[in-house]
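Participant: Input: one structure, supplied below.
The values are calculated or read from the model by the stated rules, or taken from the named source; none is laboratory data. This structure is a prediction, so every number in the text was calculated from the model and none was measured. Ideal geometry is used to build each Cβ from the backbone, glycine not excepted, and the neighbour counts take in all protein chains shown.
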Amino acid sequence: MVTDEVWKLPAIVNRYLSYRAAIPLAQEQIGIMMSILKTRQQPIEKFLDLGCGDGILGATILGEYPLAQGVFVDFSEPMLEQAREGLKEYSNQLALENLDYGDSAWVNRIQPHGPFDAIVSGYSIHHQPDTRKRQVYQEIYSLLKPNGWFINIEHVASAAQLNIDLFENHYVTARYFIEKNNGGTRTIEQIAEDYTDRPDAAANILSPTEVQCDWLREIGYEEVDCYFRIYELAVFGGRRPNN
Ligand SMILES: C[S@@+](CC[C@H](N)C(=O)[O-])C[C@H]1O[C@@H](n2cnc3c(N)ncnc32)[C@H](O)[C@@H]1O
């Protein structure tokens, strides 16, 4: 299985969630997302977390805006189960939707929940081919309120092999220490081999941030930029204009 469908496998879900702490500056990326959302004059009332996984991005929004209503979309039942469990305390403010946003019919299912003050996504849309990525950005635009933000925390293509190597080195080393602290005995070399052979890597279709920001501008988003970048990870997005 080399498509994004690998995310429906409990083993892939468990591995990603167990080693998310190995992602470089992951907390800072979410912090930047929140700083952007906090530039709004009003609180977030409605948001959408697309490819939510266990709902980490939406959970952070709920922490800051405890009255917000959140829609969490994913097509992996094991991931949605993690979100359901982790977000129990907000259960009356959530809609969890098992949907594949690779198919544009997802918009019809989500429209009744919207429009949204913010749509966020973490490390997910890069599984779509470029043509579909651009359509998803257009669909997201159609679901936003005027002044609503789209923030994508994303795995992007790097122009330099150096960035790819630095990312792998960071991830593998961090994962080695996480395993070691949990009593693991694998060597860095074994973990590096496992990283190279990971089944979800084949599902990645990475595109440069500059190209994706250009699509957002063409669609009509404003304030479009890459707000942060480390190695192959970027926080980028834009705002739907007020009119
Ligand atoms: C790497 S995980 C990221 C989870 C979470 N957003 C985070 O930041 O930790 C990618 C998530 O996107 C979901 N996903 C990938 N393709 C999808 C699609 N076409 N429709 C819905 N969810 C998708 C996967 O099931 C998985 O939960």
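Participant: Out of all the residues in region 136-187, which are assigned to a helix (DSSP H, G or I), more than 30 Å from residue 40 (Cα to Cα) and of a type in the set (A, V, I, L, M)?
Facilitator: Result: 162, 164, 166, 172, 174, 178.
Participant: Identify all residues within region 204-243 that are more than 22 Å from residue 166 (Cβ to Cβ) and in contact (Cβ under 8 Å) with a residue 40 or more places away in the chain; write none if there are none.
Facilitator: Passing the criteria: 215, 216, 219, 220, 221, 237, 238, 239, 240, 241, 242, 243.
Matching residues to (1) out of contact with any strand residue (DSSP E or B) (no Cβ under 7 Å at 6 or more places or on another chain); (2) surrounded by 16 or more Cβ atoms within 10 Å (Cβ to Cβ):
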{"position": "143", "(1), (2)": "no, yes"}
{"position": "162", "(1), (2)": "yes, no"}
{"position": "168", "(1), (2)": "yes, no"}
{"position": "181", "(1), (2)": "yes, no"}
{"position": "201", "(1), (2)": "yes, no"}
{"position": "217", "(1), (2)": "no, no"}
{"position": "235", "(1), (2)": "no, yes"}
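Participant: Would you please list the contacts, defined by Cβ atoms under 6 Å and residues six or more apart or on different chains, that run from a residue in region 90-112 that is at pLDDT 95 or above to a residue that is of a type in the set (Asp, Glu)?
Facilitator: The qualifying pairs are 107/139.
Participant: Scan region 174-202 for residues that are among the aliphatic types (A, V, I, L, M), touching a residue at least 12 places away in the same chain (Cβ under 8 Å) and under 23 Å from residue 6 (Cα atoms) and jot them down.
Facilitator: Residues satisfying the conditions are 191, 192, 202.
Participant: Condition test on residue 42, is it surrounded by 14 or more Cβ atoms within 10 Å (Cβ to Cβ) and among the polar types (S, T, N, Q)?
Facilitator: It is false that residue 42 is surrounded by 14 or more Cβ atoms within 10 Å (Cβ to Cβ) and among the polar types (S, T, N, Q).
Participant: Of the residues that sit in region 105-119 and are assigned to a loop (DSSP other than H, G, I, E, B) and within 24 Å of residue 235 (Cα to Cα), which one is farthest from the ligand (Cβ to nearest atom)?
Facilitator: 115
Matching residues to (1) among the acidic types (Asp, Glu); (2) within 20 Å of the chain's Cα centre (by Cα); (3) on the phi < 0 side of the Ramachandran plot; (4) more than 12 Å from the ligand (Cβ to nearest atom):
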residue: 121; (1), (2), (3), (4): no, yes, yes, no
residue: 126; (1), (2), (3), (4): no, yes, yes, no
residue: 133; (1), (2), (3), (4): no, yes, yes, no
residue: 137; (1), (2), (3), (4): no, yes, yes, yes
residue: 141; (1), (2), (3), (4): no, yes, yes, yes
residue: 155; (1), (2), (3), (4): no, yes, yes, no
residue: 158; (1), (2), (3), (4): no, yes, yes, yes
residue: 166; (1), (2), (3), (4): no, no, yes, yes
residue: 174; (1), (2), (3), (4): no, no, yes, yes
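Participant: Continuing with the same structure: Return the total of residues in region 159-183 being among the small types (Gly, Ala, Ser) and under 17 Å from residue 16 (Cβ atoms).
Facilitator: 1
Participant: Okay, next question. Only one of (1) touching a strand residue (DSSP E or B) at 6+ places or on another chain (Cβ under 6 Å); (2) in a helix (DSSP H, G or I); (3) not small (Gly, Ala, Ser) fails for residue 224. Which number is that?
Facilitator: Against the list (1) touching a strand residue (DSSP E or B) at 6+ places or on another chain (Cβ under 6 Å); (2) in a helix (DSSP H, G or I); (3) not small (Gly, Ala, Ser), residue 224 comes up short only on (2).
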